[in-house]
1. Identify the residue in segment 108-124 that is without any contact (Cβ under 8 Å) to a residue 60 or more places away in the chain and not in a strand (DSSP E or B) and, among all such residues, is surrounded by the fewest Cβ atoms within 10 Å (Cβ to Cβ).
2. Give just the number: which of (1) out of contact with any Leu (no Cβ under 8 Å at 6 or more places or on another chain); (2) surrounded by fewer than 16 Cβ atoms within 10 Å (Cβ to Cβ); (3) closer than 22 Å to residue 46 by Cα; (4) not small (Gly, Ala, Ser) does residue 138 not satisfy?
3. Would segment 69-86 turn up any residue that is loosely packed, with under 13 Cβ neighbours inside 10 Å, in the same structural domain as residue 157 (by TED's automatic domain parsing) and either modelled with pLDDT of 95 or more or farther than 30 Å from residue 127 by Cβ (or both)?
4. Are any of the residues in segment 54-63 within 18 Å of residue 115 (Cβ to Cβ) and either acidic (Asp, Glu) or part of a loop (DSSP other than H, G, I, E, B) (or both)?
5. For segment 116-131: of the residues being at pLDDT 95 or above and in contact with an Asp or Glu (Cβ under 9 Å, 6 or more places away or on another chain), which is farthest from residue 39 (Cα to Cα)?
6. Report yes if residue 58 is surrounded by fewer than 20 Cβ atoms within 10 Å (Cβ to Cβ), over 15 Å from residue 164 (Cβ atoms) and not charged (D, E, K, R), otherwise no.
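The values are calculated or read from the model by the stated rules, or taken from the named source; none is laboratory data. Because the structure is predicted, anything quoted here is derived from the model rather than measured. No Cβ is skipped: glycine too gets one built from the backbone with ideal geometry, and neighbour counts run over all protein chains shown.
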Amino acid sequence: MGMLKPLSTVAIAMACVVATAAEGTKEPPPTWPWPGPTPPEIRDALIKMRNGTLPAGQDLKKIEAASPDRAPATPAKLRRVLCWGRLWRHPCNAFTEETVKILGRKTKAFEVVAGDEPRFLLPESLKGFDALFLNGLHDPQPFLPLDWKTLPPGELDAARKQSLLDFVAKDGKGLADIEGPIAALQDWEEFGQMMGAFYNGHCRGEHVYRVESGTGILPFFPDGLEADPTTYPAVVRCRPRP
């Protein structure tokens, strides 16, 4: 028994050395010419590293089948939507991008330009769109390269930020988001005000939602309904995952 304490001390010390060495050999984030889109080979490597995937044939067929053939309202004209986001940043981003493209094509309500080219967000490009769809940003600084902390100080993305604000506030254009954009840019107060909130962590515990109309949310809570799913308003109880 007298040997256990010394042995445990040695084990802890060795673990600390290994952890420190691993931290010291951690590879820097990949870089590419900026501003510019993520090159396909780096995009695919980052998706794989994050255990993500690109939609395959069956995935696209399922999205196609689930997408409506027409919009809820008849558009006065064909709109242009910029779907902007890094596909590698979150596992669902590539699927979201394909879904937006399919929705636009099937409903004939809008055409889609998709990508993560930072110059898309500058005024001369953004003015050609009717709406901006932010696809799962998540990044602390999504408009900057991954090695942004090593760059000279300064508001390197100030022009893009102002362009986005003007697009909505001055030009009256549309803005939509999905899966995490309010987790990004938390040092930019105006962005939080425009989006209505900043992300503050995942939900914990039980939450009850009152669904006033429509059926879209109900299939996602098959065990949480406290009312007939065909009757509104319905109460949906969201329970934490086991």
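1. 124
2. Among (1) out of contact with any Leu (no Cβ under 8 Å at 6 or more places or on another chain); (2) surrounded by fewer than 16 Cβ atoms within 10 Å (Cβ to Cβ); (3) closer than 22 Å to residue 46 by Cα; (4) not small (Gly, Ala, Ser), the lone unmet condition for residue 138 is (2).
3. yes
4. Yes - at least one qualifying residue is present in segment 54-63.
5. 127
6. Yes.
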